[in-house]
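Here's the structure, in structure tokens; my notes come after.
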Amino acid sequence: MLWSALLLPPPDDRALPTDAALQALALWALQFTPRVAVADEAVVMELAASVRLFGGWQALRERVRVEGAELGVGRIAWAPNSLAALALARAGIDHGFDRPLEGVLDALPMETLTAVGPHRLTLAHIGCCTLGDLRRLPRGGVGRRFGQPLLAALDQLYGRAPEVHQWIEPPERFAQRLELMFRVDDAPALMFGARRLLLSLCGWLAARHSGTTAFTLHWAHDAMRAKSAGEGGSLTVRTAEPTRQIEHLSRLLAEHLARVELLAPVGDLLLTADAVMPLEETSASWLPDEHAGGEALPLVLERIAVRLGPQRVLRPVLCEDHRPEWMCRWQPATEPLPRQPVADTGLPQPGFILPAPLKLLVRGDRPYYQGELQMLAGPQRVEGGWWDCDEAAGQIRQVSRDYWVAQSAHAGVLWVFRTRLGAAPAWYLHGMFA
């Protein structure tokens, strides 16, 4: 078994009340294992099943250490059981596997075991200074004088009895509050506290196998403020795809906060998850992936859209429509893509379509474009009816065309059509194949 204990710093140095701090830390720890529990002033988690998943013992230990420090974790210890890990963390020892467990624990002060607290003075008067001194006392006398709970705790500490924990269950809705250590006047400076909340959010999402597409950061103004400033403010961040990547969410929130001007100093933050969706994980490759370190295109587009504005960063989206001009539309990169993919028509479609069809020269009923065109495939008939209305011009576009794939000796493979309505049908160039 592999247990880790995470201890918060003394209350004078901690930004969160004890209960809120432990809850935030427990939610963050859920991304590593579902076996997370609160023990006294610490959070303990059983990580034996997670070592391989996170790349081995060293990689898991480093990630817990780095991310835990951002949440205010003062000490981390690893041991074969949770009570031993908690005792080592209190003593400032981070590794409980260097020597046999009894040898490591016997040298620790008695205060490192919570069950000793009510009897500490009495045990000190009879000469007990370490856990080893306490363990060597006659069990019968210890049980009669100090009660069975102390003996049970000793047995669990040394691995002679099983432990019982009440595992943390992730709540149905995420809403985490943080009281800042000092009042903040500048919006970008809120990121220090907001990132702590985002870490808890990502842990909560991992426990639910989900990602978020919208979250809101609320802030409360200090009591000593102008009446015109109001109670506080809020900022909602949306993503095109569900995600729980802490770095991406932090960058997006930082970009939004850079555009916010606070009306009064801020003392409290509240983070809520507004939209949560199931997240499909990508299986890791057995072979080295040269592109694994690159950032996904949707994440890059979202960050650029925050800086330039959502209407200035667009991407194409395929639509269910038989008319070439309406098969694709452009939407802001921050908006989610349609969940249902567009079915393939099975017909040849050009890689490039002209903004407006180009009328071709016709000689003897043969279209010309940099030479006479040779028809390769077709016709493919496209028609529009009464529903095809041009709102800008205020008229109905009656369309009836026969499309062909044509070959030009100098221009390559082209997409041309012949109109079917009107007294004089004409040929037009509408697209080109790569």
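Assorted remarks:
Quick grid of which residues meet (1) open to solvent by 40 Å² or more (accessible area, probe 1.4 Å); (2) at positive phi:
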site	(1), (2)
THR114	yes, no
PRO118	yes, no
THR122	yes, no
GLY127	yes, yes
THR130	no, no
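- Here VAL342 meets the list (1) under 15 Å from MET432 (Cα atoms); (2) modelled with pLDDT under 80; (3) in contact with a strand residue (DSSP E or B) (Cβ under 6 Å, 6 or more places away or on another chain) almost entirely, failing just condition (1).
- Scope region 84-112; condition open to solvent by 40 Å² or more (accessible area, probe 1.4 Å), not in a helix (DSSP H, G or I) and not aliphatic (A, V, I, L, M); matching residues: GLY92, ASP94, HIS95, PHE97, ASP98, ARG99, PRO100, PRO109
- Among residues of region 45-61 that are in contact (Cβ under 8 Å) with a residue 12 or more places away in the chain and within 14 Å of ILE76 (Cβ to Cβ), those with a beta-carbon under 6 Å from a residue that is open to solvent by less than 50 Å² (accessible area, probe 1.4 Å) and not in a loop (DSSP other than H, G, I, E, B) at least six positions away or on a different chain give the pairs MET45/SER4; MET45/ALA29; MET45/VAL36; LEU47/SER4.
- Selection within region 34-49 - within 21 Å of the chain's Cα centre (by Cα) and open to solvent by 10 Å² or more (accessible area, probe 1.4 Å): PRO34, ARG35
- Pair list, Cβ < 9 Å and 6+ apart or interchain, from region 1-26 residues that are part of a strand (DSSP E or B) and open to solvent by 20 Å² or more (accessible area, probe 1.4 Å) to residues that are at pLDDT 75 or above and of a type in the set (Phe, Trp, Tyr): none
- Just one of the listed residues (THR216, THR272, THR239) is in a strand (DSSP E or B) and under 17 Å from ALA305 (Cα atoms), namely THR239.
- Considering region 154-178, and only residues there that are assigned to a helix (DSSP H, G or I) and not acidic (Asp, Glu), the residue that is surrounded by the fewest Cβ atoms within 10 Å (Cβ to Cβ) turns out to be GLN156.
- Exactly one residue out of PHE192, PHE182 is within 15 Å of LEU252 (Cα to Cα) and either surrounded by fewer than 17 Cβ atoms within 10 Å (Cβ to Cβ) or not acidic (Asp, Glu) (or both), and it is PHE192.
- Within region 225-254, tally of residues that are under 24 Å from ASP268 (Cβ atoms), among the hydrophobic types (A, V, I, L, M, F, W, C) and in contact with a strand residue (DSSP E or B) (Cβ under 8 Å, 6 or more places away or on another chain): 6
- Residue within region 210-219 that is in contact (Cβ under 8 Å) with a residue 40 or more places away in the chain, open to solvent by 30 Å² or more (accessible area, probe 1.4 Å) and not small (Gly, Ala, Ser) present: yes
- Residue match in region 127-136 (condition: modelled with pLDDT of 90 or more, in contact with a Lys or Arg (Cβ under 7 Å, 6 or more places away or on another chain) and hydroxyl-bearing (Ser, Thr, Tyr)): no
- Within region 228-255, tally of residues that are free of Cβ contacts under 8 Å to residues at least 60 places away in the same chain and under 23 Å from PHE182 (Cβ atoms): 8
- Residue match in region 59-69 (condition: more than 21 Å from CYS202 (Cβ to Cβ) and either open to solvent by 30 Å² or more (accessible area, probe 1.4 Å) or outside any loop (DSSP other than H, G, I, E, B) (or both)): no
- Members of region 275-303 that are of a type in the set (A, V, I, L, M), at pLDDT 70 or above and outside any helix (DSSP H, G or I): ALA275, VAL276, MET277, LEU279
- In region 120-153, the residue that is nearest to ASN81 (Cα to Cα) out of those that are part of a helix (DSSP H, G or I) and touching a Leu at 6+ places or on another chain (Cβ under 7 Å) is ALA153.
The values are calculated or read from the model by the stated rules, or taken from the named source; none is laboratory data. On a predicted model such as this, the values are computed, not experimentally measured, just so you know. No Cβ is skipped: glycine too gets one built from the backbone with ideal geometry, and neighbour counts run over all protein chains shown. The area values use the complete protein model at the heavy-atom level, side chains included, leaving out ligands, DNA and RNA. Shrake-Rupley method; radii C 1.70, N 1.55, O 1.52, S 1.80 Å.
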